[in-house]
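The values are calculated or read from the model by the stated rules, or taken from the named source; none is laboratory data. Everything numeric here is computed off the predicted structure, so don't read it as measured data. Don't worry about glycine lacking a Cβ; one is built from the backbone with ideal geometry, like all the others, and counts go over all protein chains shown. Surface areas here come from the heavy atoms of the whole protein model, side chains and all, with no ligands, DNA or RNA. Shrake-Rupley method; radii C 1.70, N 1.55, O 1.52, S 1.80 Å.
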Amino acid sequence: METFVPYLDIAKLNIFVTLTIFTTFVLIMIRRARAGAQMYIRPLAGLQAIEEAVGRATEMGSAVLYVPGIDDVNNIQTIYSMVILEHVARIVASYRTPLIVPIGKAFVTPMAEETVKQGYLNAGEPDAFNPDNVRYLSDEQFAFTGAVNGIILREKPAANIYLGSFYAESLILAETGFMAGSIQVAGTANIHQLPFFVVACDYTLIGEEFFASTAYLSQDPRLLGTLKAMDWFKVLIIVALIIGFILETLGFTGFKELFRS
């Protein structure tokens, strides 16, 4: 006689256990981060290059161009890009370097304006903020791309920073910036666009480095805790794979028989 357990699908028990373990890791790591525990995050070359790029733009008397992707405000990459934008705005404000932020979605415009304004305020230079430099261009993908290319070719920014969600326009933007002689830093979690950024930009944040950079810059306990929880969870997965490989090699079938029964 089969035992019926209401509201519990045994076939999906592994998913429940995995989510429970990961959630536990996240809560523990966030609590440790809030308690002041030191959590090491390796320096990212792409982030260190941003200040170098801003310094170069300052020396040349040119602007810095920051493109926060082309997705809407509900995309996680756009939200993370705003954290980095605030850091960039703080740096350019301290150098009194113009910052141009072209926007490809209408709803992202007020968020970008407030982010840049906050960066200038945190740098102690609120009067240097120019709202006209946060420019809404177009919701249409390639109309936006053409407009950004026009800005690059006309205004000749010495540094171009592409951080966010990008698609087919990634190579067009990066190649135009390369031809204009700009130093370029890029990053996206859309792995199908990474090869184009790698070949055309000076520095690239690859995949998860883009998300890790926000924790590195903000030092927010929630971001730090989540990042370290992901690291430890990956270690756990690797250990589980090694143990499973050994057991399979030795011909252990106990777990298979357990789940079959």
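Here the spin labels are modelled as points 7 Å beyond Cα on the Cα-Cβ line, and at residue 59 and residue 35 they lie 4.6 nm apart. Close amide-amide hydrogen proximity is noted between residue 136 and 103, each under 5 Å apart and 5 or more residues distant or on a separate chain (H modeled in the peptide plane; Pro and chain starts excluded). Computed over segment 133-257, the P(r) curve from all C-alpha pair distances, binned at 10 Å from the origin, holds 11, 29, 24, 16, 11, 6, 2 percent per bin. According to the square roots a ≥ b ≥ c of the eigenvalues of the Cα gyration tensor, what is the shape class of segment 120-188, taking rounded for a/c under 1.5, prolate for a/b larger than b/c otherwise, and oblate for the remainder? Prolate shape, in that a/c is at least 1.5 and a/b is the bigger ratio. Could you please state, rounded to a whole Å, how far the C-alpha centre of segment 143-178 is from the C-alpha centre of segment 13-43? When both Cα centres are located, 37 Å separates them.
Probe of 1.4 angstrom, ligands and nucleic acids ignored: what's the accessible area per residue over the chain, in square angstrom? List each step's numbers first, then the result.
Working: 14620 Å² over 261 residues.
That works out to 56 Å² per residue.
Rg and Dmax of segment 24-63, based on Cα coordinates, read 17.4, 50 Å. If I fit a long axis through the Cα atoms of helix 108-122 and take the longest principal axis of the Cα atoms of the chain, what angle between them do I get, 0 to 90°, rounded to 10? Long axis of 108-122 versus the principal axis of the chain: about 80 degrees.
Using the eigenvalues of the Cα gyration tensor, what equivalent ellipsoid semi-axes result for segment 68-216 when each is taken as the square root of five times the eigenvalue, whole Å, largest first? If you can, show how the numbers build up before the last one.
Numbers: eigenvalues 92, 58, 49 Å².
That gives 21, 17, 16 Å for the three semi-axes.
Quick check: from the Cα gyration tensor, does segment 8-92 come out rounded (a/c under 1.5), prolate or oblate? Prolate. Between residue 63 and 158, the built amide H atoms are under 5 Å apart, and every one of these is 5 or more places off in sequence or on another chain.
A crude spin-label estimate for the pair residue 234 and residue 12, with each label 7 Å from Cα along the Cβ direction, gives 2.8 nm.
Note that segment 58-74 has calculated 3J(HN,Hα) couplings of 5, 4, 8, x, 10, 8, 10, 9, 10, 10, x, x, 10, 8, 7, 5, 7 Hz, one per residue in order, obtained from phi through the Karplus relation 6.51 cos²θ - 1.76 cosθ + 1.60 (θ = phi - 60°); glycine and proline are x. When the inverse distances between all different Cα atoms of segment 59-110 are averaged and flipped, the Kirkwood radius reads 11.7 angstrom. Legend: Rg and Dmax of segment 1-157, from Cα coordinates, 22.0, 81 Å. The Cα trace of segment 182-230 gives Rg and Dmax of 12.4, 37 Å, the first to one decimal, the second as a whole number.
Amide H contacts under 5 Å for residue 190: 166, restricted to partners 5 or more places along the chain or on a different chain, H placed in the peptide plane at 1.01 Å from N. For segment 63-144, with equal point scatterers placed on the C-alpha atoms only and solvent neglected, what are the log10 I(q)/I(0) values from the Debye formula at q = 0.17 1/Å, to two decimals? Here log10 of I(q) over I(0) equals -0.59. Evaluated with a Cβ-only charge set (Lys, Arg +1; Asp, Glu -1), segment 1-150 carries a dipole of roughly 580 debye about its Cα centre, given to the nearest 20. When each of the peptides 22-34, 96-108 is scored by how many other beta carbons lie within 10 Å of its residues on average, the order from highest to lowest is 96-108, 22-34. Taking θ as phi - 60° and the Karplus parameters 6.51, -1.76 and 1.60, the scalar couplings of segment 128-133 work out to 7, 5, 10, x, 5, 7 Hz in sequence order, x denoting glycine and proline.
Take 232-238, 89-95, 190-196 and order them by the average number of nearby Cβ atoms within 10 Å per residue, most first; the result is 89-95, 190-196, 232-238. Phi-derived couplings, Karplus 6.51 cos²θ - 1.76 cosθ + 1.60 at θ = phi - 60°, listed residue by residue for segment 234-250: 5, 4, 4, 5, 4, 4, 4, 5, 5, 4, x, 4, 5, 5, 5, 5, 7 Hz, with x used for Gly and Pro.
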